[in-house]
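Student: Before I ask anything, here is the structure I am working with.
The values are calculated or read from the model by the stated rules, or taken from the named source; none is laboratory data. Keep in mind the model is a prediction, meaning the values are calculated, not measured. Here the Cβ positions follow ideal geometry from the backbone for every residue, glycine too, while neighbour counts run over all protein chains shown. What goes into the accessible areas is simple: the full protein's heavy atoms, side chains included, and nothing from ligands, DNA or RNA. Shrake-Rupley method; radii C 1.70, N 1.55, O 1.52, S 1.80 Å.
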Amino acid sequence: MNTLFARVVGFIVPQNLANDAARYYRYQLFIAVTLVLLGVIACAQVYSIFVSALPWADIIWTLLFTVPLQVALIAAPLYFRYSGNYLRAVHIVLGAMFVTLVSVVFFLGGPLGGVSVVMSFVVPMFAFVLVGLKSGVVWGVLTYLALMTGGVMDVMGFEFPYIDNTPHAAVGKMIHLNVSFFSIFLMVAFYEISNQRYRKQLEEVARHDDLTKLPNRSAFYAAIETAISEYDESRTPFTLVYIDLDNFKPINDVHGHSAGDQVLRAFAQRLKRSVRNQDFVCRLGGDEFAVLLKGSVDARIAQLVLDRLDRQMNESIDLRNGKSIAISASTGMAFYPDDAASLEAILHAADERMYVRKRETKCQQQAATAC
């Protein structure tokens, strides 16, 4: 997304915060809010000066309301950019908005006498979305106290000024209503979209292995269930391969767990390179992996796949410290539905064949050592 907005966001967000995926969407929203508000204020100033036929005294009032807010909207993102203090930058904007909007309400008929009062609800809404529950409650209470104070004053007979008494006053009210509605509507919509995106990211994280970045056991079971469902619909078979590294524990014992992690990461990448794009590679846990070969795979093609996997698995892995570690792995293959007709059955078949091959390999090694 190489848009102007993306470049502006990339410039304003400090580099040390740019990789914070959990909060980056809030940074984007903060910058979007400031840019949109700057545009809205500029349009309001143009309307007041060139269209509304306000007397100069009222135009000056308009500028007194809007110019300080403009300064805050420019200063806060820059402060965020160079200090990295997101919370303080947001509160600068919220404070400026609060003072401006409460002033507008009190100079346009008061909380009970003007339509502008709805704009004051934007401040706590922004606070909830931009910085969370605690700040939202604080700004909500402040807004409530300000409006209730004005309301009590109105009930007790205090007459609030109404400076916009021109023939175009109704247009101003429409602008205030639209700004309020779309601000709140867009905040809620963006918040829900962001939550959905964040939940999706959490689901992705929950279905992937942190070390190898491969899908994990949970994602593997889901993939098998999907493959079985597709077979029930289109009679498309699939093949399951279980893979277990041989003698992995001594690698950790001799070279350390860091070396073991390097081996697992390198091995995972080799598995991905050994299969087709449509095939599914995952780490079940520890030194166990699995490959789901999708589509019709007969015994000959399956053997070719195993041969390619064996070549990849039997190549030594170079560590960062310059040492090289020789590895090997045992595999077990099962065909669906020829070898099994249920999820549990095919998992058991592939697992059992893998351990049979592992025992055979161990016996061959012991026999060779004895000789």
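Student: Leaving ligands, DNA and RNA out of it, report the carbon-plus-sulfur percent of the accessible area of the chain at a 1.4 Å probe.
Tutor: The nonpolar share, carbon plus sulfur, comes to 62 percent.
Student: I'd like the distance between the alpha-carbon centres of the range 181-230 and the range 288-357, rounded to an integer number of Å.
Tutor: If you average the Cα positions of each part, the centres end up 28 Å apart.
Student: What's the magnitude of the charge dipole for the chain around its Cα centre, counting Lys and Arg as +1 and Asp and Glu as -1 at the beta-carbon? Answer in Debye, nearest 20.
Tutor: 880
Student: Please report the projected area of the range 232-371's Cα convex hull averaged over all directions, in nm².
Tutor: So the Cα hull casts an average projection of 9.5 nm².
Student: If one computes P(r) from the Cα atoms of the range 29-140, what percent of pairs lie at distances over 24 Å? Each step should come with its number before you reach the end.
Tutor: On the way: 1670 of 6216 pairs.
Across the range 29-140, Cα pairs with separations above 24 Å total 27 percent.
Student: Just the number please: accessible area per residue for the chain, 1.4 Å probe, all protein chains included, in Å².
Tutor: That works out to 54 Å² for each residue.
Student: Starting from the exponent 0.38 and prefactor 2.2 Å, build the expected Rg for the range 45-104 from its residue count and divide its actual Cα Rg by it.
Tutor: Dividing the Cα Rg of the range 45-104 by 2.2 N^0.38 Å gives 1.35.
Student: Give the Debye-formula value of log10 I(q)/I(0) at each listed q (0.15, 0.24 Å⁻¹), with one equal scatterer per alpha carbon of the range 1-82, two decimals each.
Tutor: Debye curve over Cα of the range 1-82, log10 I(q)/I(0) at q = 0.15, 0.24 Å⁻¹: -0.63, -1.09.
Student: More than 13 Å apart: what percent of Cα pairs in the range 211-276 qualify?
Tutor: Within the range 211-276, distances greater than 13 Å cover 73 percent of Cα pairs.
Student: Right, here's the next one. For the chain, what D do you get in µm² per second when you plug the Kirkwood radius from alpha-carbon pairs into Stokes-Einstein at 10 °C and 1.306 mPa s?
Tutor: Details: Rh = 26.2 Å.
Answer from the Stokes-Einstein relation: 61 µm²/s.
Student: Quote the relative contact order of the chain in percent (integer), defining contacts as alpha-carbon pairs under 8 Å separated by 6+ residues.
Tutor: 12
Student: log₁₀ I(q)/I(0) of the range 147-234 at q = 0.11, 0.18, 0.20, 0.25 Å⁻¹, via Debye over equal Cα point scatterers, no solvent, to two decimals?
Tutor: Listed by q, the Debye log ratios stand at -0.65, -1.01, -1.04, -1.15.
Student: Provide the gained length on full extension for the span Arg311 to Val36, in nm with one decimal, where the gain is 0.36 nm per separating residue minus the Cα-Cα distance.
Tutor: Between Arg311 and Val36, full extension yields 93.2 nm more.
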